[in-house]
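Taken together, the values in this text are just the output of simple stated rules run on the coordinates, not laboratory data. Remember, it's a predicted structure, so these values are computed and weren't measured experimentally. Here the Cβ positions follow ideal geometry from the backbone for every residue, glycine too, while neighbour counts run over all protein chains shown.
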Amino acid sequence: MRRSVAFVLGTLSGTALIVGAKLGTHAPGSATGDDSAAAVVTGGGAVVTGGSKSGATPMGSQRPTTSGTPTAGATTTARPTTGSTPTPGHTTSKPTPKPTPTPTQTGPTDGTYKASAQVRGGQYGTLSMTVTISGHKITNVSASETNPTESSCYRSACPKLTSEALTAQSANINAVSGATYTSNAYKSALQAVLNAA
């Protein structure tokens with residue numbers, strides 16, 4: 001009986017750890033698989049230059065704020081701090097809610113950024129892009145690919161990807177069919193810019 005209980009608890013604990021590891025290993029917006037392009041902000045795969053970062057925080061690091069008022073269904077209880085019970089005739093005051101700080105920035109920092117990412121580890125050249133951010137929004141993306149066999153982006157993928165990026169205002173865009181490696185490099189370089197902005 002004890003062995004059965006230990007076996008079941010061990011199996012449940014192991015399953016919970018595996019599920020937790022699977023859910024917590026990938027950054028938002030990152031591509032998975034062998035054909036994904038690696039974008040590194042400093043050195044190697046992608047280089048990001050330009051723009052200013054005064055007081056800026058990366059886009060996924062902003063934490064949600066909570067207000068001092070309870071949400072529907074939540075209950076709060078006032079407890080004495082000294083460990084004694086309140087005597088009759090004394091009233092306990094409610095804590096005053098703290099105002100939530102207003103965020104100063106609602107998107108990436110304005111500026112012009114340049115980035116590059118290798119297409120499939122450099123096997124098919126390098127994709128270079130210039131991203132203009134104005135009013136905390138992506139307003140222009142200019143991309144080109146230096147490839148020994150192609151004169152511009154493979155299968156004219158860059159204009160299609162630029163259109164999607166401007167619409168989505170993020171690097172979370174669909175790949176162009178037949179140009180997967182170029183699409184992954186494009187998304188990787190754009191994500192590196194957004195992380196740096």
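Before moving on, here are some points about what is shown:
- Seen from V176, the other residues with C-beta closer than 10 Å to its C-beta sum to a net charge of +1, counting Lys and Arg as +1 and Asp and Glu as -1.
- The modelled label-to-label distance for the pair V8/D110, using points 7 Å beyond Cα in the direction of Cβ, is 6.3 nm.
- For the range 110-180, convex hull volume per residue from C-alpha positions, Å³: 82
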